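All remarks here apply to the structure that follows.
The values are calculated or read from the model by the stated rules, or taken from the named source; none is laboratory data. What you are looking at is a predicted structure, and each value in this text was computed from that prediction instead of being measured. All Cβ positions, glycine included, derive from the backbone under ideal geometry; neighbour counts span all protein chains shown. We work out accessible area using only protein heavy atoms, side chains counted, and drop any ligands, DNA or RNA first. Shrake-Rupley method; radii C 1.70, N 1.55, O 1.52, S 1.80 Å.
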Amino acid sequence: MLRFLSGMAFVPFLLVTWSSAAFIISYVVAVLSGHVNPFLPFISDTGTTPPESGIFGFMINFSAFLGAATMYTRYKVVEKQNQTSYVSTPVFNLVSLVLGLVGCIGMGIVANFQELAVPVVHDGGALLAFICGVVYTLLQSIISYKSCPQWNSLSTCHIRMAISAVSCAAVIPMIACASLIPTTKLEWNPKEKDRGFWHVMEVWRRRGRLTVERKRRIRTDV
């Protein structure tokens, strides 16, 4: 088992690298295809229209698998640590694993059900992924404190808890704002009622477009 766990050390790194690549590649393809505005589009918007939807779905599905593998490895590590010193109860560790796996299932749902095709299912998967993911990080932060100082340094515990706190602070307003917008669209009419919730994003996009236009004018004048 120890050899197995040491061999899985590369999985968390691969998870972060692969997931970042998934967002970047789908964004680049969506922008080059003219399907989204290049300035601050939503992640789901960059995986809605073919061909980027296929890339987004495939890569996020694999990210969900890597996430599940990472969480199972963490579960076995804590289980192994409990054999030499008390870290957490087996039930607490198991609950954390189950919540993490449910979050990974939510990622798979997001990847396979695009926001414009099946918005209810897509949003439900996103809700699962975000809420279960945040709770998982909180539980793992608590486990880290319980395993300190034998298995973790205090600074590592503080960093993990800080990340968990920021995640909690971000997910609550995200859910609140998303619940105020009944319709999912890529393009909005300025006269539509729900368009106001997108105003802040549009301001940044307009600033970006103005910057690009100014650069083009300078090049033309030269």
- Averaging sequence separations of C-alpha pairs under 8 Å and six or more residues apart, then dividing by the length of segment 63-183, give the relative contact order as a whole percent. 21 percent
- Message: Testing the spin-label approximation: label points 7 Å from Cα along Cα→Cβ at Cys168 and Cys148. State their distance in nm.
- Response: 1.5 nm
- Can you tell me how much longer the chain between Phe65 and Asn82 gets when fully stretched, taken as 0.36 nm per residue apart minus their C-alpha distance, in nm with one decimal? 3.5 nm
- Report, to the nearest whole %, how much of the accessible area of segment 1-90 belongs to carbon and sulfur atoms, 1.4 Å probe, protein only. 75 percent
- Query: How much accessible surface does Ser155 have with a 1.4 Å probe, in Å² rounded to 10?
  - Reply: 70 Å²
- Task: State the volume of the convex hull built on the alpha-carbon positions of segment 11-69, expressed per residue in Å³ and rounded to an integer.
- Result: 64 Å³
- Simple SL model, points at 7 angstrom along Cα→Cβ for Thr156 and Ala176; separation in nm is 3.5 nm
- Task: Beta carbons within 10 angstrom, averaged per residue: use that to sort the peptides 167-176, 88-97, 103-112, highest first.
- Result: 103-112, 88-97, 167-176
- Message: Suppose R0 equals 35 Å. What FRET efficiency, 1/(1 + (r/R0)^6) with r the Cβ-Cβ distance, do Phe92 and Val120 give to the nearest 0.05?
- Response: 0.60
